[in-house]
1. Return the residue satisfying two criteria in turn: it lies in the range 209-239 and is of a type in the set (Lys, Arg) and in a strand (DSSP E or B), and of such residues it is modelled with the lowest pLDDT.
2. Could you count how many residues in the range 15-53 are among the hydrophobic types (A, V, I, L, M, F, W, C), free of Cβ contacts under 8 Å to residues at least 24 places away in the same chain and crowded, with 19+ Cβ neighbours inside 10 Å?
3. Kindly check whether there is at least one residue in the range 187-196 that is closer than 29 Å to Ala122 by Cα and either outside any loop (DSSP other than H, G, I, E, B) or in contact with a helix residue (DSSP H, G or I) (Cβ under 6 Å, 6 or more places away or on another chain) (or both).
4. Out of the residues in the range 58-83 meeting the condition of being under 27 Å from Leu139 (Cβ atoms) and free of Cβ contacts under 8 Å to residues at least 60 places away in the same chain, tell me which one is surrounded by the most Cβ atoms within 10 Å (Cβ to Cβ).
5. Evaluate the following for Glu85: is it out of contact with any helix residue (DSSP H, G or I) (no Cβ under 9 Å at 6 or more places or on another chain) and either closer than 21 Å to Met14 by Cα or not hydroxyl-bearing (Ser, Thr, Tyr) (or both)?
6. Tell me which residues, restricted to the range 131-184, are hydroxyl-bearing (Ser, Thr, Tyr), crowded, with 18+ Cβ neighbours inside 10 Å and outside any helix (DSSP H, G or I).
7. Go through the range 187-239 residue by residue and tally those that are within 22 Å of the chain's Cα centre (by Cα), exposed (fewer than 14 other Cβ atoms within 10 Å of the Cβ) and among the charged types (D, E, K, R).
Amino acid sequence: MYDPLSADDAPFCMAMNRANCLAYDDSVSPGDNPEALGMPLWVMLDCCLLPTGMFGFEAPRDAIPPEYADLLDPTGALGWIGVSEYVAARALEEASFVGVSLFSLASGCGLGARTKAFGLQAMAARRMTGVTQYDNDALATHLVFGPLEIVTPLVRVHSRPDRSFVYRVELPEPRKMKEIIRGRASEKRLKSQFSVDVRDPAAIRHLATLCQKQRHAIVDVTRDNEGIASVGVRRIDGR
């Protein structure tokens, strides 16, 4: 555990902030363009570290490529550097949380899902609401926890309004969450009924129209060489 109010732990927290910015904006400083998502330091402290916590995994400095280790910790003082992080803020509904931030600088080991599960399990969350983008690589990570019921198909009050949506998911039981944390969970996804090309704004707008009439959930993603190409969608019984 690291204490953001301790001078001794400040270098680790500063490196975590740089890692957050690097993951979101390809820069170790918060971006100044309208779509930048990297956290300013005051946001990290006021909205994440003090009211809740940042949960993740760290790695020995010598296990990180030197050019990245030097970017994250230019002081060279840290023996361990944070390489993933998840933040969930408590919602008014009991045992419900809102996802604030998720990143992983490692690939090929499911670290994003493991980090998210770690944070949610630590907070004893049973359900969560999140915001992500239809073309976000993290979409596959979110689907590890179950179908993503679309709450709002297009979110205007966002830095990336034309491709962001709000979703809700009921979380797996604690035993399954622990398996995800350890990287041992098997995935079982619902079969989609139709797909939406996330590169086509008209297709996303059509999905938004459908969501006004009936509940829908994203249940799968399809990737091409450029990233996520389409999402698999399934109607949910009800409204």
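The values are calculated or read from the model by the stated rules, or taken from the named source; none is laboratory data. These numbers were taken from a predicted model, which means no experiment stands behind them. We place every Cβ from the backbone using ideal geometry, glycine too, and count neighbours over all the protein chains shown.
1. Ranking the qualifying residues of the range 209-239, first place goes to Arg223.
2. Taking the range 15-53 as the starting set, the residues that turn out to be among the hydrophobic types (A, V, I, L, M, F, W, C) are 15-16, 19, 21-23, 28, 36-37, 39, 41-45, 47-50.
Of the ones still in play, those that are also free of Cβ contacts under 8 Å to residues at least 24 places away in the same chain are 21, 42-43.
Narrowing the set further to residues that are crowded, with 19+ Cβ neighbours inside 10 Å leaves 21.
Qualifying residue count for the region: 1.
3. Step one: of the range 187-196, the residues closer than 29 Å to Ala122 by Cα are 187-190.
Still in the list and also either outside any loop (DSSP other than H, G, I, E, B) or in contact with a helix residue (DSSP H, G or I) (Cβ under 6 Å, 6 or more places away or on another chain) (or both): none.
No; the residues of the range 187-196 include none that is closer than 29 Å to Ala122 by Cα and either outside any loop (DSSP other than H, G, I, E, B) or in contact with a helix residue (DSSP H, G or I) (Cβ under 6 Å, 6 or more places away or on another chain) (or both).
4. Of the range 58-83, the ones under 27 Å from Leu139 (Cβ atoms) are 58-59, 64-65, 68, 71-72, 81-83.
Now drop any that are not free of Cβ contacts under 8 Å to residues at least 60 places away in the same chain, which leaves 58-59, 64-65, 68, 71-72.
Values: Glu58: 19, Ala59: 16, Ile64: 20, Pro65: 8, Tyr68: 16, Leu71: 16, Leu72: 22.
Here the residue is Leu72.
5. Working: out of contact with any helix residue (DSSP H, G or I) (no Cβ under 9 Å at 6 or more places or on another chain): no; either closer than 21 Å to Met14 by Cα or not hydroxyl-bearing (Ser, Thr, Tyr) (or both): yes.
So Glu85 does not fit the description; no.
6. Of the range 131-184, the ones hydroxyl-bearing (Ser, Thr, Tyr) are 132, 134, 141, 152, 159, 164, 167.
Narrowing further to those that are crowded, with 18+ Cβ neighbours inside 10 Å: 132, 134, 141, 164, 167.
Selection gives Thr132, Tyr134, Ser164, Tyr167.
7. Count: 5.
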